[in-house]
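Let me begin by presenting the structure, written as structure tokens, before commenting on it.
Here, each number is a calculation from the coordinates, and none is a lab measurement. The structure displayed is predicted, hence computed values, not measured ones. Cβ placement follows ideal geometry from the backbone for every residue including glycine, while neighbour counts extend to all protein chains displayed.
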Amino acid sequence: MIEEIALSAVAGGLVKLCDDIADRRLKVAGGYLFAAVYGTIIAYIATQTPLSSLWLGAVVAMVLMNKIDNGMHALAVLIVAAAVLLFNVNSFDFGYFLVFMAAAGADEIRFERKDIIARISAHRLWLVAASLLASLLSGYWLYFFSIASFDIAYSLIGRTLIKFYPERG
């Protein structure tokens, strides 16, 4: 359990690092290496742990929502796709996959209105909420802790990068 949580956090930090290298044009060497590492981590989690429905749902949602917007993210997705094709996927549940995919997709939608739904979407909490609900229903708390650790690391790396790289590269 600790392994999956730690790996999820590392993946979250590396995803954010790749996001900022591409989006903010940061002059940081190793972007493709970081992407290969996070792609390998997500591939491992998605094929070799009981979290396959969660992580494959999130990856498929990112592809469907056109969030794979640079070469680094494309490399990571290719690594995940190759792992799915080459290895057995561990404990995949299609129902959970659909819920997680829908929630991850909803995280990418921005609303103009100012109600609770817009607030949840602005903070990208749909997948966290879905993982919490899945954990409550199944008793399998790794769903929630995995995505929560990813999101916390993603946020912390984002805040750290702003301090070290306050402007675009």
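Here the Karplus relation 6.51 cos²θ - 1.76 cosθ + 1.60, evaluated at θ = phi - 60°, turns the backbone of the range 145-152 into coupling constants of 5, 5, 6, 5, 5, 4, 5, 5 Hz, with x for every Gly and Pro. What order do you get for Glu3, Glu108 when you list them from fewest to most C-beta neighbours inside 10 Å? Lowest to highest Cβ neighbour count: Glu3, Glu108.
With each label modelled as a point 7 angstrom along the Cα→C-beta vector, the Arg110-Leu136 pair spans 3.0 nm.
One chain, two ends: Phe164 and Leu125. Fully extended at 0.36 nm per residue, the span grows by 11.4 nm beyond their Cα-Cα distance. Here the label points at Met1 and Phe92, each 7 Å from Cα along the C-beta direction, are separated by 2.7 nm in the simple model. Ordered by the number of other Cβ atoms lying within 10 Å of each residue's own Cβ, fewest first, Lys16, Lys27 fall into the sequence Lys27, Lys16.
For Lys163, a cut-off of 27 angstrom between C-alpha atoms picks up these lysines, skipping any fewer than 8 places away in its own chain: Lys16, Lys27, Lys67.
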